[in-house]
């Protein structure tokens with residue numbers, strides 16, 4: 001489930017820091033967001049509750065765009081009980097409490113306090129996807145003995161994934177290898193400089209099915225196909241960070257007085273064997 005926690009926030013920080021350089025006019029934009037604070041928190045049932053807090057800086061290179069903030073007080077309210085998160089360093093705060101076991105349908109409130117900072121937000125944990133099924137449990141790749149060729153997939157059928165969506169919720173499919181060291185199908189599709197695995201994902205959508213094409217798998221062997229049940233705030237953030245027009249004057253956020261995201265996520269997983 002780690003994919004959901006990384007890509008979107010990297011992109012929003014990139015766009016916001018880029019916009020800082022565009023003109024002095026952007027100073028007025030950021031003044032309304034608690035001195036350029038970006039908050040990131042994804043709540044999964046059964047997982048440790050954590051929050052990342054960074055400050056967007058003026059910068060001359062992309063390498064100096066963010067600064068961790070380790071001096072905040074962060075409180076979670078769940079079922080009329082309030083819990084304090086402890087700083088772990090590098091802008092990360094965590095709550096490890098066996099009595100707090102968030103479940104689908106729970107409402108969680110966030111309060112963050114700091115020097116001239118007061119940030120609030122609320123989210124609900126979505127239900128676990130139901131009736132998640134696939135039309136096949138394995139898929140065969142074309143013969144690439146002569147080299148990788150995407151045209152070789154022309155006559156191969158996709159795998160259909162279906163699920164129930166009676167309330168018109170947002171869902172997203174992601175595919176990642178069970179074994180991160182598995183063999184890449186396309187040998188030219190190498191890992192990036194940070195060593196992250198290649199993960200396929202589709203855009204969040206109100207849907208109850210998805211056809212996964214053979215060429216959308218990146219690795220041989222067993223692959224997790226993860227179906228994420230998302231709240232609207234995640235879909236809105238994804239849409240904003242994918243907007244090449246850089247409409248920075250209306251950045252999306254479900255946090256009061258900050259940028260970023262505070263959202264509940266739930267998921268179900270199937271395994272598909274690729275050979």
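Computed from the coordinates by the stated procedures, all read-outs in this text should not be read as laboratory data. Since the model is a prediction, treat every value here as computed from it, not as a measurement. Here the Cβ positions follow ideal geometry from the backbone for every residue, glycine too, while neighbour counts run over all protein chains shown.
General observations
- Calculated FRET efficiency for the pair residue 184/residue 205, C-beta based, R₀ 25 Å, to 0.05: 0.35
- Expected-Rg normalisation [2.2 N^0.38 Å, Cα atoms] applied to the stretch 74-142: 1.69
- For residue 127 and residue 57, the FRET efficiency from 1/(1 + (r/R0)^6), where r spans their Cβ atoms and R0 equals 51 Å, is about 0.85.
- Efficiency of FRET from Cβ geometry, residue 154 and residue 90, R₀ 41 Å, rounded to 0.05: 0.30
- Size descriptors for the stretch 87-199, from the alpha-carbon set: Rg then Dmax equal 21.5, 62 Å.
- Shown for 211, 54: other C-beta atoms within 10 Å of each C-beta, ranked fewest to most, produce the order 211, 54.
- In this label model, residue 71 and residue 256 are separated by 2.5 nm, measuring between points 7 Å along each Cα→Cβ vector.
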